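The next block holds one structure in the form of structure tokens; read it before the comments.
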């Protein structure tokens, strides 16, 4: 390891953990929804609001949130720089949770209103992109090579 570098992170563990815990809850919700609608799935009926709801809990709620949580944990370690704003990270977490949950549920019960949850989810994702961009740009010491 290069002297003066550290594999530790100053990120509050509650931030990535919040993403991971919500992702696990969304995974369970999606699988439960799919289980309750397994008859529709086995008949090849995929364009049903309940299936849309399960798919979005799985794709946005699970996959996207796992990726964002992992990035909040790994970017500070990989780039040797703290997260730009942890407070913004928590705001982004809450906004994204509300947006994904509202979007997914509304797809299942009132698809015509799902746009409202979708807008919040997109805003949360855009805040994540801003956060990661600012974090990487504030890196003081550039890592040009990896020493094992």
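The values are calculated or read from the model by the stated rules, or taken from the named source; none is laboratory data. On a predicted model such as this, the values are computed, not experimentally measured, just so you know. Cβ sites come from the backbone with ideal geometry, for glycine too, and all protein chains shown count toward neighbours.
When residue 81 is tested against the conditions (1) buried (at least 21 other Cβ atoms within 10 Å of the Cβ); (2) over 15 Å from residue 127 (Cβ atoms), the lone failure is (1). For the residues 88, 130, 123, the requirement of being surrounded by fewer than 17 Cβ atoms within 10 Å (Cβ to Cβ), at pLDDT 95 or above, under 17 Å from the mean Cα position of the chain (by Cα) and closer than 26 Å to residue 49 by Cα singles out 123.
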